[in-house]
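The values are calculated or read from the model by the stated rules, or taken from the named source; none is laboratory data. Worth saying up front: this structure is predicted, and the values here are computed from it rather than measured. Note that each Cβ is placed from the backbone with ideal geometry, even for glycine, and that neighbours are counted across all protein chains shown. Keep in mind that these areas ignore ligands, DNA and RNA; they rest on the heavy atoms of the full protein, side chains included. Shrake-Rupley method; radii C 1.70, N 1.55, O 1.52, S 1.80 Å.
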Amino acid sequence: MPCYDPGVKRSVAVSLVLLAVIAVAVWPQGMATANRRPQSRRPLPPGKVAPAIDYRDVAREAGLTAVNISASPRRASYITEVTGNGVALVDVDGDGLLDVLLLSAGEMAARKPRPQTLYRNRGGLRFEDITATSGIPPLEWAQGVCAGDFDNDGRTDLVITQWGPNVLLRNQGGKFADESSRLPAATTKRWSTGCAFVDYDRDGDLDLFVAHYANLDLAATARPTDKNHCTWKNMAVVCGPRGLPGESMSLYRNDAGRFVDVTAAVGIATPPRYYGFTVLVGDFDDDGWPDVYVACDSTASLLFRNQRNGTFEETGVTSGAALNEDGREQAGMGATAGDYNGDGRLDIFKTNFTDDTPTLYRNIGTFGFQDVTSTAGLAINTRLLGWGAAFIDIDQDGWRDIFYANGHVYPEVDAAAIGEVFRQPRTLFWNRGDGQFHDLSAAAGEAVLARHGSRGLAVGDLDNDGTPEIVIVNMYEPPSLVKNFAPRGKSILIEPLLANGRHAVGARLRLTAGGRTQVDEVRSGGFHISQGDFRVHFGLGAADSAQLSIRWPDGTESNLGAVAANQWVSVQQGKGVTRSRPF
Amino acid sequence: MTWVTRWLAALLMGTAAGWCAPMCRLQLASAQANINAQRFAAALADTEQCLAEEPLHSAALVLKGNLLYLLGRDVEAMTLLEDLVRREPFNTDGRYALGRVYYFNARPDPACTQFEAIVAAQPDHYRAWDNLGLAREAAGRIPEAIQAHVRAIALVATAHREYDWAHANLAELLMKEDDNRRAFSLAVEAAERNPQSSRNFYLAGKALTRLEQWSKAERWLRRSAELDPTDAAPHYLLAQLYRRLERPTEADAERKLFLELQAKAPDKRR
């Protein structure tokens with residue numbers, strides 16, 4: 001989100017304007033014209049050939065046709081209308097196929113609850129709308145979604161965050177019951193965005209981390225049509241987030257199925273000055289205890305280090321993952337974790353506002369991160385406004401690539417003739433395997449070139465063919481279901497399950513194939529206000545098998561030995577491989 | 001005054017003094033004094049008095065465009081300068097000012113058009129080449145941006161020894177391209193040209209940090225911090241540097257200083 005400040009009106013802030021001008025003069029930043037792809041100056045090294053990628057959007061054929069609603073597609077009045085919604089890819093009915101939940105907001109004036117669309121996966125990338133029988137109630141202003149089996153019954157439950165009361169949906173076997181009364185009552189009045197289930201205290205049940213965006217008081221917030229409106233590039237726009245009261249994040253401990261707010265007690269409480277978006281859980285120091293990163297808009301991002309005693313310490317600035325290389329706050333939207341350089345550590349990629357680059361934080365160990373955006377070749381595009389992002393091995397060569405969706409926040413930009421556009425193409429950076437990325441966006445298929453006002457994004461293998469698809473929420477449009485039709489390497493899908501049958505959220509997988517070791521984790525949430533596949537996908541290149549080991553959330557480890565390529569492997573703690581399904 | 005404010009003031013003062021016409025001499029002299037004191041609203045009022053007498057006074061119009069921009073009235077600045085350039089297509093100063101306003105309003109394509117027109121008419125206009133580099137970079141035309149900066153650097157090699165911007169701008173661009181050795185050399189040249197610029201020392205220190213030449217980087221960053229004690233950025237890099245060197249006490253001290261300075265810094269306008 002942008003960094004204008006409604007409190008700094010031009011008519012009264014000459015000195016600030018001067019200082020701002022000076023700041024801009026000192027640090028000339030990139031600027032945005034989203035109509036043209038930037039030129040890459042870095043050619044591929046000799047002998048390195050980029051893969052053929054053919055991403056096509058098959059949402060319509062698949063039956064994913066629900067149109068996203070978020071107030072008016074022409075003009076927004078409040079910032080809640082432009083932050084967008086998430087998507088969840090979850091096997092709701094236990095049939096082995098990921099179903100799709102698409103969130104939607106509503107109409108600002110009416111604030112009428114709207115259905116949240118649940119599609120059942122019928123197989124073969126065909127979906128049917130089962131919203132009416134899903135048990136998911138219509139909601140006034142849904143934002144994000146995360147999944148986890150909070151009651152350890154083997155069924156995946158959901159939390160939907162809202163601008164308003166969050167909703168806990170207990171899975172009763174393909175149908176949900178609204179059990180929001182299990183959540184702390186204090187959540188009802190806040191604006192929540194990203195969320196993730198996390199067993200932070202390793203007591204065997206899933207706790208819940210929720211990001212909050214801003215303390216928005218409609219009565220006190222100017223609309224673009226008001227006299228004291230906010231401006232961006234001389235255009236009247238919605239106010240915020242700068243100038244709006246910020247927020248802090250929340251952690252709710254699972255006490256026998258009821259969630260208790262332990263935010264202050266465990267060290268999550270911060271001054272309320274952040275605009276939290278994506279919650280990203282990962283064991284960033286590889287100590288067996290989950291840490292939590294929060295991508296924050298227009299403020300420093302947050303990194304909560306698990307102290308292994310039931311408490312956290314916020315270390316964002318100290319660790320180097322809160323700001324960019326120059327110590328500047330960015331407008332963080334989406335975030336994703338993955339080991340892009342094969343050193344066994346989880347790195348962080350974050351999308352930001354236009355006039356800025358995305359940020360890649362390399363995990364340098366000892367809980368330190370280094371902004372390597374430029375070094376990695378990702379600083380070439382400042383013209384897109386990024387949202388949902390994913391580390392995804394598109395060609396299955398064993399190196400995680402980066403895909404992210406874009407879209408401007410203001411629908412009005414199209415009419416303003418300021419060189420900005422609302423609907424923007426996607427971005428795909430191919431991992432060269434040498435610490436650098438190559439922009440493949442222009443040659444990766446129509447689904448990457450297609451322009452949408454995208455927001456939430458989630459990755460999952462919807463047709464169980466061993467290659468994950470990408471589902472993207474598009475503002476005021478149906479979603480995109482992006483599938484790669486190009487040839488690719490071998491792969492494997494690992495599904496770690498606890499002894500009680502629930503997905504082993506927090507398990508860390510270590511896989512060695514073709515002389516390389518890859519790591520990843522089972523993650524709740526993990527995408528921008530969205531939930532992806534609990535199964536972990538690894539590209540294997542030409543390797544026929546891989547050595548697999550898993551560190552379970554309780555800290556114990558299993559060495560599974562060799563597993564063959566091109567299959568979906570379920571591994572249960574204490575039992576080993578319980579099921580293998582070839583692609 | 002920091003070097004940047006001096007630069008801005010000098011730019012505007014030079015504009016006012018150089019263009020002063022008899023009918024407007026008093027008003028523009030007054031505007032100059034007000035610019036010097038950073039009273040931009042008063043300077044604008046003076047300029048408008050001049051224009052009341054001579055509505056088509058080119059220099060006054062350019063000055064007014066710059067002042068409107070400095071006062072945050074970007075649309076008015078753009079409209080005024082666009083009218084001027086339309087009426088006087090060979091008005092280099094008008095095109096330059098318009099290009100700058102476009103650039104700072106994130107409109108790199110029309111900014112490029114203005115700067116390209118200037119360098120076509122006046123190939124030795126090193127400032128226009130330099131700004132063309134910035135605008136092309138913003139437009140994603142990286143190889144052409146580098147060419148423009150290189151041209152600016154060639155033009156200032158001997159004739160304008162005081163001009164350090166082209167070197168610094170190219171250094172910054174090359175760091176985005178991960179060409180840190182060349183960036184460092186350029187930043188050093190910029191610092192030699194303008195040893196009072198904290199930015200030049202910062203860029204050199206940043207390039208050295210990327211190259212993991214820690215002790216050298218520390219010296220350049222320290223000097224940057226000394227030159228502009230209000231700038232938080234060098235302290236952030238120093239904190240990261242000390243962390244890498246496992247000097248936690250110094251890292252903590254720099255981080256605290258960084259946070260203090262950052263809290264005092266004004267919000268940046270985008």
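May I ask you to list the residues in region B:83-115 that are away from chain A (no Cβ under 13 Å) and either touching a Gly at 6+ places or on another chain (Cβ under 6 Å) or charged (D, E, K, R) (or both)?
Narrowing region B:83-115 to residues away from chain A (no Cβ under 13 Å): B:83-98, B:114-115.
Scanning region B:83-115 gives B:ASP83, B:LEU84, B:VAL85, B:ARG86, B:ARG87, B:GLU88, B:ASP93, B:ARG95, B:ALA97, B:GLN114, B:PHE115.
Among (1) part of a helix (DSSP H, G or I); (2) surrounded by fewer than 21 Cβ atoms within 10 Å (Cβ to Cβ); (3) out of contact with any Leu (no Cβ under 8 Å at 6 or more places or on another chain), which single condition is B:TYR69 missing?
(2)
Considering only residues of region B:240-270 that are among the hydrophobic types (A, V, I, L, M, F, W, C) and either part of a helix (DSSP H, G or I) or more than 12 Å from chain A (Cβ to nearest Cβ) (or both), which is surrounded by the fewest Cβ atoms within 10 Å (Cβ to Cβ)? Even if it seems obvious, please write down each step before you answer.
Filtering region B:240-270 for residues among the hydrophobic types (A, V, I, L, M, F, W, C) gives B:241, B:245, B:251, B:253, B:257-259, B:261, B:263, B:265.
Add one more test, that the residue is either part of a helix (DSSP H, G or I) or more than 12 Å from chain A (Cβ to nearest Cβ) (or both), and what stays is B:241, B:251, B:253, B:257-259, B:261, B:263.
Details: B:LEU241: 23, B:ALA251: 19, B:ALA253: 15, B:LEU257: 18, B:PHE258: 24, B:LEU259: 17, B:LEU261: 20, B:ALA263: 8.
Once the filter is applied, the top-ranked residue is B:ALA263.
If I filter region B:243-270 down to residues being at pLDDT 90 or above and among the acidic types (Asp, Glu), which single residue comes out as farthest from A:PHE369 (Cα to Cα)?
B:GLU260
Considering only residues of region A:414-428 that are open to solvent by less than 10 Å² (accessible area, probe 1.4 Å) and touching a Pro at 6+ places or on another chain (Cβ under 9 Å), which is farthest from the other protein chains (Cβ to nearest Cβ)?
Among those residues, the one meeting the criterion is A:PHE422.
Let me confirm something: among A:ASP401, A:ASP326, which residue is surrounded by fewer than 21 Cβ atoms within 10 Å (Cβ to Cβ), of a type in the set (Asp, Glu) and either at the interface with chain B (Cβ under 9 Å from one of its Cβ atoms) or in contact with an Asp or Glu (Cβ under 9 Å, 6 or more places away or on another chain) (or both)?
A:ASP326
When both residues are 6+ apart or on different chains and their Cβ atoms are under 8 Å apart, which pairs have a first residue that lies in region B:77-97 and is in contact (Cβ under 8 Å) with a residue 40 or more places away in the chain, and a second that is among the small types (Gly, Ala, Ser)?
B:ASP93/B:SER58; B:ASP93/B:ALA59
Can you pull out the residues in region B:175-234 that are among the polar types (S, T, N, Q) and part of a helix (DSSP H, G or I)? Explain how you work it out, then say what you get.
Let us first name the residues in region B:175-234 that are among the polar types (S, T, N, Q), namely B:180, B:185, B:194, B:196-198, B:200, B:209, B:213, B:215, B:224, B:230.
Hits for region B:175-234 are B:ASN180, B:SER185, B:SER198, B:ASN200, B:THR209, B:SER215, B:SER224.
For region A:312-328, check the following and say yes or no: at least one residue is at pLDDT below 95 and either of a type in the set (Asp, Glu) or in contact with a Ser or Thr (Cβ under 6 Å, 6 or more places away or on another chain) (or both).
no
Limited to region B:84-97, what total is found for residues that are surrounded by fewer than 14 Cβ atoms within 10 Å (Cβ to Cβ) and among the charged types (D, E, K, R)? Reasoning before the result, please.
First, pick out the residues of region B:84-97 that are surrounded by fewer than 14 Cβ atoms within 10 Å (Cβ to Cβ): B:86-87, B:89-90.
Pick out the ones that are also among the charged types (D, E, K, R) and you get B:86-87.
Result for region B:84-97: 2.
Regarding B:LEU61, is this residue within 11 Å of chain A (Cβ to nearest Cβ), open to solvent by less than 60 Å² (accessible area, probe 1.4 Å) and either closer than 27 Å to A:MET235 by Cα or modelled with pLDDT of 90 or more (or both)?
On the way: within 11 Å of chain A (Cβ to nearest Cβ): no; open to solvent by less than 60 Å² (accessible area, probe 1.4 Å): yes; either closer than 27 Å to A:MET235 by Cα or modelled with pLDDT of 90 or more (or both): yes.
Judged against the criteria, B:LEU61 is not a match.
For the structure I just gave you, tell me whether A:ASP286 is buried (at least 24 other Cβ atoms within 10 Å of the Cβ), in contact (Cβ under 8 Å) with a residue 24 or more places away in the chain and more than 24 Å from A:ASP157 (Cα to Cα).
On the way: buried (at least 24 other Cβ atoms within 10 Å of the Cβ): no; in contact (Cβ under 8 Å) with a residue 24 or more places away in the chain: yes; more than 24 Å from A:ASP157 (Cα to Cα): yes.
Taking the combined requirement at face value, the residue does not satisfy it.
What are the residues in region B:116-143 that are away from chain A (no Cβ under 14 Å) and not in a helix (DSSP H, G or I), if any? Give the derivation first.
Quick first cut of region B:116-143, residues away from chain A (no Cβ under 14 Å) only: B:116-126, B:128-129.
Residues satisfying the conditions are B:GLN122, B:PRO123, B:ASP124, B:HIS125.
Kindly establish whether B:ALA152 is of a type in the set (Gly, Ala, Ser) and part of a loop (DSSP other than H, G, I, E, B).
Working: of a type in the set (Gly, Ala, Ser): yes; part of a loop (DSSP other than H, G, I, E, B): no.
So B:ALA152 does not fit the description; no.
Every residue, every condition in (1) part of a strand (DSSP E or B); (2) within 29 Å of A:ILE160 (Cα to Cα), yes or no:
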residue	(1), (2)
A:LEU509	yes, yes
A:ASP520	yes, yes
A:SER524	no, yes
A:ASP533	no, yes
A:HIS537	yes, yes
A:LEU548	yes, no
A:ASN559	yes, no
A:VAL563	yes, no
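Could you list, ordered by first residue, the pairs with Cβ atoms under 6 Å in which the first is in region A:97-116 and over 22 Å from A:ARG223 (Cα atoms) and among the hydrophobic types (A, V, I, L, M, F, W, C) and the second is open to solvent by 30 Å² or more (accessible area, probe 1.4 Å) and at pLDDT 95 or above, at least 6 apart or interchain?
These pairs meet every condition: A:LEU98/A:ASP91.
Sort out which residues of region A:540-573 are of a type in the set (A, V, I, L, M, F, W, C) and surrounded by fewer than 16 Cβ atoms within 10 Å (Cβ to Cβ), and write them in order of number.
Looking only at region A:540-573, we keep the residues that are of a type in the set (A, V, I, L, M, F, W, C), and these are A:540, A:542-543, A:546, A:548, A:550, A:552, A:560, A:562-565, A:568-569, A:571.
The answer is A:ALA542, A:ALA562, A:ALA564.
Which members of region A:289-298 meet the condition of being surrounded by 24 or more Cβ atoms within 10 Å (Cβ to Cβ) and either over 18 Å from A:ALA269 (Cα atoms) or at pLDDT below 95 (or both)?
Kept after step one, since they are surrounded by 24 or more Cβ atoms within 10 Å (Cβ to Cβ), are these residues of region A:289-298: A:290-298.
Result: A:SER298, single match.
Considering only region A:418-435, I want to know if a residue exists there that is more than 30 Å from A:ASP343 (Cα to Cα) and of a type in the set (Val, Ile, Thr). Step through it out loud before you land on a result.
Kept after step one, since they are more than 30 Å from A:ASP343 (Cα to Cα), are these residues of region A:418-435: A:418-425.
After this cut, where a residue has to be of a type in the set (Val, Ile, Thr) as well, the list is A:418, A:421.
Yes: one or more hits.
Of everything in region A:299-322 that's open to solvent by 10 Å² or more (accessible area, probe 1.4 Å) and among the hydroxyl-bearing types (Ser, Thr, Tyr), which residue is nearest to the chain's Cα centre (by Cα)? Don't jump to the end; show me each part of the working.
Step one: list which residues in region A:299-322 are open to solvent by 10 Å² or more (accessible area, probe 1.4 Å), which gives A:299-300, A:305, A:307-315, A:317-318.
Next cut, among the hydroxyl-bearing types (Ser, Thr, Tyr) only: A:299, A:311, A:315, A:318.
Working: A:THR299: 18, A:THR311: 24, A:THR315: 21, A:THR318: 23 Å.
Among residues in region A:299-322 that are open to solvent by 10 Å² or more (accessible area, probe 1.4 Å) and among the hydroxyl-bearing types (Ser, Thr, Tyr), the one nearest to the chain's Cα centre (by Cα) is A:THR299.
Only residues that are among the polar types (S, T, N, Q) and farther than 21 Å from A:GLU412 by Cα: list them for region A:210-262, please. Reasoning before the result, please.
Start the filter on region A:210-262 by keeping residues that are among the polar types (S, T, N, Q), which leaves A:215, A:221, A:225, A:228, A:231, A:234, A:248, A:250, A:254.
Answer for region A:210-262, where residues must be among the polar types (S, T, N, Q) and farther than 21 Å from A:GLU412 by Cα: A:ASN215, A:SER248, A:SER250, A:ASN254.
Could you give every pair whose Cβ atoms fall below 7 Å, whose first residue belongs to region A:402-431 and is on the phi > 0 side of the Ramachandran plot, and whose second residue is among the small types (Gly, Ala, Ser), counting only separations of at least 6 or pairs across chains?
A:GLY407/A:GLY453; A:GLY407/A:SER454; A:GLY419/A:ALA32; A:GLY419/B:ALA106
Of the conditions (1) at pLDDT below 95; (2) of a type outside the set (A, V, I, L, M); (3) surrounded by fewer than 22 Cβ atoms within 10 Å (Cβ to Cβ), A:ARG451 clears all except one; give me its number.
The one condition A:ARG451 does not meet is (1).
Could you go through region A:273-291 and let me know if any residue there is in a loop (DSSP other than H, G, I, E, B) and under 19 Å from A:ARG190 (Cα atoms).
Going residue by residue through region A:273-291, those that are in a loop (DSSP other than H, G, I, E, B) are A:273, A:275, A:283-290.
Then drop every residue that is not under 19 Å from A:ARG190 (Cα atoms), which leaves A:273, A:275.
Yes, because at least one residue in region A:273-291 is in a loop (DSSP other than H, G, I, E, B) and under 19 Å from A:ARG190 (Cα atoms).
For the list (1) more than 22 Å from A:GLY86 (Cα to Cα); (2) crowded, with 21+ Cβ neighbours inside 10 Å, I need the number of the one condition that A:PRO411 fails.
Unmet for A:PRO411, out of (1) more than 22 Å from A:GLY86 (Cα to Cα); (2) crowded, with 21+ Cβ neighbours inside 10 Å: (1).
Quick check on region B:180-239: of everything there that is of a type in the set (Phe, Trp, Tyr) and within 11 Å of another protein chain (Cβ to nearest Cβ), which residue is farthest from the chain's Cα centre (by Cα)?
Going residue by residue through region B:180-239, those that are of a type in the set (Phe, Trp, Tyr) are B:184, B:201-202, B:214, B:220, B:236.
Within this subset, residues satisfying the condition of being within 11 Å of another protein chain (Cβ to nearest Cβ) are B:202, B:236.
On the way: B:TYR202: 15, B:TYR236: 22 Å.
Per the criteria, the residue is B:TYR236.
Determine whether B:ASP74 is in contact with a Ser or Thr (Cβ under 6 Å, 6 or more places away or on another chain) and closer than 22 Å to B:ASP130 by Cβ.
Working: in contact with a Ser or Thr (Cβ under 6 Å, 6 or more places away or on another chain): no; closer than 22 Å to B:ASP130 by Cβ: yes.
Spelling it out, it is not the case that B:ASP74 is in contact with a Ser or Thr (Cβ under 6 Å, 6 or more places away or on another chain) and closer than 22 Å to B:ASP130 by Cβ.
Quick one: how many residues across region B:144-173 are open to solvent by less than 30 Å² (accessible area, probe 1.4 Å), among the charged types (D, E, K, R) and within 12 Å of chain A (Cβ to nearest Cβ)?
1
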